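Encoded as structure tokens, the structure appears first; notes follow it.
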Amino acid sequence: MAKSFRHLVLILGDQLNLDSSALADFDPKQDAIWMAEVMEESTHVPSSKQRSTLFLSAMRHFAQNLRDKNWSVFYTRLNDANNTGTLAGELEKAIQAHQPQQLVITAPGEWRVLQSLRAVAKQQGLSLEIRDDTHFFSTVREFAEHAKGRKQLRQEFFYRELRQKTGVLMDGKKPVGGQWNFDEENRGSFGKQGPGMLPLPLRFEPDEITLEVMALVKDKLSQNPGALSSFGWPVTRHQALQALDSFIQHRLPSFGLYQDAMWEGEVWLYHSHISSALNLKLLNPREVVEAAERAYQQGHVPLPAAEGFIRQVLGWREYVRGIYWTQMPEYVERNEMQATAKLPAFYWTGKTDMACMRDAIHQTLEHGYAHHIQRLMVTGLYALLLGVAPKEVHEWYLSVYVDAVEWVELPNTLGMSQFADGGVMASKPYVASGKYIDRMSNHCKGCKFNPALATGDTACPFTTLYWDYLNRHVDVLAKNPRMLMQLKNLNRLSDEARSEIAIQANFIKNVS
């Protein structure tokens, strides 16, 4: 007769931390752990080969750590016989086989998964205890309290509250350095000379477990986007700590100044490359923030660099999670600007004459990675200006990036990048012409398009679509004080110029 367990603890693929709230009272003598690899999680959006390999390898490494502690682990592999292909199906089988008295889980990072697991528990007549995710600095309840009664939500104010709550970069009640952020000092470009000698990224040679997963992904997910030849992401806690240390030592000192800069063919630059480890919970955000703050206090890192990085972790990461869980499930359907165009096919291939887009998409497919400006002001900007349906843009980002978990990806894409929530996430649409990309990179130097031109054979599609976007949405944008300068520039264009731009924009839309 099968042993009946007190708790069946459900561990999802982005919950790979031993200090998880679900494991807080784990008793090896009467509890067991359930983990499952299922096809649904790689196909509800076509999860890239890099992303799928990262999740599956990290899950298998974590499960092995649990077994090494002599804990009972019920683990379903993707290619196991009779795998139902869904989390719900595999959980039903586990409940019937092991007859637990209760299910326990740390709050999932995706609405869809939470609803699915709740439905299984209800169907099976079992209690599902959902525990707060203590990985974060704040709770969703705290964010909801912060948001209550506010006409507008802004990351800056929540970030300041968390700085005061945690004491991070604080001098008593005042921010260290006398100001809350150093945005103005963190917008440098590499100039004509380029980035020069860059610190090498820390990449990890695939071990036996990872190689086995890579073979599985190539076999079972051969139609999913991307390649695996460059795979080198951290898949264990130990590797994640090494990646953090490498960033703090070698790239954080220059991160602030160059965090928005781009350069042709340079994938890694001064960025951290730890967001995937954070989102899988191989790293705790507290230790990440502490490492950056300590580096500043020891004089290794300038304050603008430390603050700029800390704001991404303590500020944006916490803020977008609050947005996600207080706005779902309706949020994913938001489309404030009524965008309906299809996502261009070249987003899946990189086959385009636009140098900036080609570079960003190629590296995305090759490595499962692009830094935040490439996402916001290249691939995201083009989709916004073109008028792509925001849900399609969201599903592309969720598909291709190794750090994409819905709670963090969706608000950043639909809200920040596409302005589809009408200003819940960001105070204005992040729109710019090709001149922005020219200023922040060298992409335009070797491109067939001229960022200064909006019409003609060599006009930059970004520039054409920028003016077209303003013209199409002028009535809505005129209500936003932060858009008035851009609309003032639009008003300087003659009716003839606007007409020519509209014709060229329609041509671009028809061939995309």
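Please go through the range 103-138 and give me each residue that is out of contact with any helix residue (DSSP H, G or I) (no Cβ under 9 Å at 6 or more places or on another chain) and not in a helix (DSSP H, G or I), ordered by number. Lay out the reasoning, then the answer.
Step one: of the range 103-138, the residues out of contact with any helix residue (DSSP H, G or I) (no Cβ under 9 Å at 6 or more places or on another chain) are 114-115, 118, 122, 125.
Correct list: Gly125 only.
Sort through Glu184, Glu145, Glu156, Glu205 and tell me the only one that's in a helix (DSSP H, G or I), of a type in the set (Asp, Glu) and in contact (Cβ under 8 Å) with a residue 24 or more places away in the chain.
Glu156
Can you tell me which residue in the range 474-485 is nearest to Cys444 (Cα to Cα), limited to those that are of a type outside the set (Val, Ile, Thr) and open to solvent by 30 Å² or more (accessible area, probe 1.4 Å)?
The extreme case among them is Met485.
Please work out which residue is nearest to Gly178 (Cα to Cα), limiting yourself to the range 285-307 and to residues that are open to solvent by 10 Å² or more (accessible area, probe 1.4 Å) and not in a helix (DSSP H, G or I).
Filtering the range 285-307 for residues that are open to solvent by 10 Å² or more (accessible area, probe 1.4 Å) and not in a helix (DSSP H, G or I), the one nearest to Gly178 (Cα to Cα) comes out as Pro302.
Select from the range 119-141 the residues that are open to solvent by 60 Å² or more (accessible area, probe 1.4 Å) and without any contact (Cβ under 8 Å) to a residue 12 or more places away in the chain and list them in ascending order.
Of everything in the range 119-141, those that are open to solvent by 60 Å² or more (accessible area, probe 1.4 Å) and without any contact (Cβ under 8 Å) to a residue 12 or more places away in the chain turn out to be Lys122, Gly125, Arg141.
Would you check if Arg317 is touching a residue at least 60 places away in the same chain (Cβ under 8 Å), closer than 22 Å to Ala404 by Cβ and out of contact with any strand residue (DSSP E or B) (no Cβ under 8 Å at 6 or more places or on another chain)?
yes
Identify all residues within the range 309-337 that are within 30 Å of Asn506 (Cβ to Cβ) and out of contact with any His (no Cβ under 9 Å at 6 or more places or on another chain); write none if there are none. So that I can check it myself, show each step before the final result.
So the first thing to find is which residues in the range 309-337 are within 30 Å of Asn506 (Cβ to Cβ), and the list is 332-337.
Glu333, Arg334, Asn335, Glu336, listed by residue number.
Give the residue that is farthest from Arg112 (Cα to Cα), with candidates limited to residues of the range 32-53 that are crowded, with 20+ Cβ neighbours inside 10 Å and of a type in the set (Asp, Glu).
Looking at the filtered set, the residue picked out is Glu37.
From Thr464, Thr455, which residue is within 19 Å of Leu386 (Cα to Cα), open to solvent by 40 Å² or more (accessible area, probe 1.4 Å), in contact (Cβ under 8 Å) with a residue 12 or more places away in the chain and of a type in the set (Ser, Thr, Tyr)?
Numbers: Thr464 fails: open to solvent by 40 Å² or more (accessible area, probe 1.4 Å).
Going through Thr464, Thr455 in turn, the sole match is Thr455.
Listed residues Gln486, Gln504; which is under 29 Å from the mean Cα position of the chain (by Cα), polar (S, T, N, Q) and over 30 Å from Gln193 (Cβ atoms)?
Sole residue among the options that is under 29 Å from the mean Cα position of the chain (by Cα), polar (S, T, N, Q) and over 30 Å from Gln193 (Cβ atoms): Gln486.
Out of (1) open to solvent by 40 Å² or more (accessible area, probe 1.4 Å); (2) more than 26 Å from Ser276 (Cβ to Cβ); (3) part of a helix (DSSP H, G or I), the odd one out for Thr84 is which?
Of the numbered conditions (1) open to solvent by 40 Å² or more (accessible area, probe 1.4 Å); (2) more than 26 Å from Ser276 (Cβ to Cβ); (3) part of a helix (DSSP H, G or I), the odd one out for Thr84 is (3).
Could you list, in sequence order, the residues of the range 82-106 that are within 25 Å of Val332 (Cα to Cα) and either in contact with a His (Cβ under 7 Å, 6 or more places away or on another chain) or without any contact (Cβ under 8 Å) to a residue 40 or more places away in the chain (or both)?
Correct list: Ala88 only.
Yes or no, residue by residue, for (1) small (Gly, Ala, Ser); (2) modelled with pLDDT under 95:
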{"position": "Ala107", "(1), (2)": "yes, no"}
{"position": "Leu114", "(1), (2)": "no, no"}
{"position": "Asp133", "(1), (2)": "no, no"}
{"position": "Gly149", "(1), (2)": "yes, yes"}
{"position": "Arg163", "(1), (2)": "no, no"}
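Which residues, counting only those in the range 229-264, are farther than 19 Å from His371 by Cα and open to solvent by less than 40 Å² (accessible area, probe 1.4 Å)?
Val235, Thr236, Gln239
If we keep just the residues of the range 432-452 that are of a type in the set (Gly, Ala, Ser) and open to solvent by 40 Å² or more (accessible area, probe 1.4 Å), which is farthest from Met377 (Cα to Cα)?
That would be Gly446.
Do any residues in the range 483-512 that are of a type outside the set (Val, Ile, Thr) have Cβ atoms under 7 Å from those of residues that are open to solvent by 80 Å² or more (accessible area, probe 1.4 Å) and part of a helix (DSSP H, G or I), where the two are at least six apart or on different chains, and which pairs are they?
none
From the list Leu18, Leu66, Leu56, exactly one residue is at pLDDT 95 or above, more than 17 Å from Glu212 (Cβ to Cβ), of a type outside the set (Gly, Ala, Ser) and open to solvent by less than 20 Å² (accessible area, probe 1.4 Å). Which is it?
Leu66
What's the number of the only condition in (1) open to solvent by less than 70 Å² (accessible area, probe 1.4 Å); (2) more than 26 Å from the chain's Cα centre (by Cα); (3) small (Gly, Ala, Ser) that Gly109 fails to meet?
Tallying (1) open to solvent by less than 70 Å² (accessible area, probe 1.4 Å); (2) more than 26 Å from the chain's Cα centre (by Cα); (3) small (Gly, Ala, Ser), Gly109 fails exactly one: (2).
The values are calculated or read from the model by the stated rules, or taken from the named source; none is laboratory data. Quick caveat: nothing in here was measured; it's all calculated off a predicted structure. In this analysis, Cβ positions are derived from the backbone assuming ideal geometry, glycine residues included, and neighbour counts consider all displayed protein chains. SASA here: full protein model, heavy atoms, side chains in, ligands and nucleic acids out. Shrake-Rupley method; radii C 1.70, N 1.55, O 1.52, S 1.80 Å.
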